[in-house]
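Structure record follows, encoded as structure tokens.
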Amino acid sequence: MIYKADLHIHSVLSPCADLEMSPLNIINKAKERKLDIIGLTDHNSTKQCKITCEIGKKNGIFVLCGAEITTKEEVHCLAFFENDERLLEFQQYIETHLPRIKNDIKRFGYQLIVDEDENIIAEEEILLSSALNISIDELADKVHELNGLFIPAHVNRPKFSLISQLGFIPPDIKADAFEITKHITKVEFLKQYAYLNAFSILQNSDSHFINSIGEITSQFEMEEISFNEIRKALAGKENRKVLN
């Protein structure tokens, strides 16, 4: 079976996301765009994942739960986890390493947690767009320690990417896949970085606005939708794979 996925979406919890990005609106738009899988990846927080996952289940959308982490090199990386227990452990890890800088709403935007009916149930006071005091390698090790998936985000972007911050993509980085932006094709990217040919290459919307959800997607060939099947597809195992 072929499944359509957009694994990089921000909710109202991310300070840079539009206030329309409630879990309910995200799932409704994903359904409208005929997505099978979405990834919820708020900046340095997993706190909006549970409710989004619950709404997704009611609407036939599989929600891959995680976050977009900013390392001390100011590189953005996606991290995903299989269950609530692992997600909570990772949230505690984030909070241990995130600077205690108070959010300035006027400068950075709201950081809201909302319920299924779009009621505000909490507001995150600590600025979520700060860099954690951990390196890329430390982050990869922690994600894998929790049996998660580690995917450097938009690696070819001119800001907050491996290439912009390090000047290159380390060939020995412990990544499960790499994400590229919509501004380059996989073929063009691999012409420049042929040594990454063995890795799965993803393209996602990095949506901060409702209408951009699903504007670019990745296609997964799997037997069914599950965390383990997604892991196999990223690794190219047992005839599972990422097609684009």
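The values are calculated or read from the model by the stated rules, or taken from the named source; none is laboratory data. Predicted model, so just to flag it, every value in this text is computed and none were measured. Heads up, the Cβs are rebuilt from the backbone with ideal geometry, glycines too, and the neighbour counts pull from every protein chain shown.
Summary table
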| quantity | calculated |
| --- | --- |
| Residue check for ILE9: crowded, with 23+ Cβ neighbours inside 10 Å and in contact (Cβ under 8 Å) with a residue 60 or more places away in the chain | yes |
| So ALA140, is it at pLDDT 95 or above, assigned to a helix (DSSP H, G or I), out of contact with any Leu (no Cβ under 7 Å at 6 or more places or on another chain) and aliphatic (A, V, I, L, M) | yes |
| Check on CYS65, modelled with pLDDT under 95 and closer than 21 Å to ASP115 by Cα | no |
| Those residues of segment 114-129 which are without any contact (Cβ under 8 Å) to a residue 12 or more places away in the chain and either part of a strand (DSSP E or B) or closer than 11 Å to ASP104 by Cα (or both), in sequence order | ILE120, ILE121 |
| Residue selected from segment 230-239 under the condition under 13 Å from TYR3 (Cβ atoms) and in contact with a Lys or Arg (Cβ under 6 Å, 6 or more places away or on another chain), by the criterion surrounded by the most Cβ atoms within 10 Å (Cβ to Cβ) | ALA233 |
| Flag for LEU132 being crowded, with 18+ Cβ neighbours inside 10 Å, modelled with pLDDT of 95 or more, touching a strand residue (DSSP E or B) at 6+ places or on another chain (Cβ under 6 Å) and in a loop (DSSP other than H, G, I, E, B) | no |
| Any hit, segment 45-61, residues being touching a Ser or Thr at 6+ places or on another chain (Cβ under 9 Å), buried (at least 16 other Cβ atoms within 10 Å of the Cβ), farther than 18 Å from SER226 by Cα and in contact (Cβ under 8 Å) with a residue 24 or more places away in the chain | yes |
| Answer from GLU116, GLU73 - the residue that is among the acidic types (Asp, Glu) and modelled with pLDDT of 95 or more | GLU73 |
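Condition check ((1) buried (at least 16 other Cβ atoms within 10 Å of the Cβ); (2) within 28 Å of LEU24 (Cβ to Cβ); (3) at pLDDT 95 or above) across all residues:
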{"position": "GLY167", "(1), (2), (3)": "no, no, no"}
{"position": "GLN192", "(1), (2), (3)": "no, no, no"}
{"position": "ALA198", "(1), (2), (3)": "no, no, no"}
{"position": "ILE210", "(1), (2), (3)": "yes, yes, yes"}
{"position": "ILE216", "(1), (2), (3)": "yes, yes, yes"}
{"position": "GLU223", "(1), (2), (3)": "no, no, yes"}
{"position": "LYS241", "(1), (2), (3)": "yes, no, yes"}
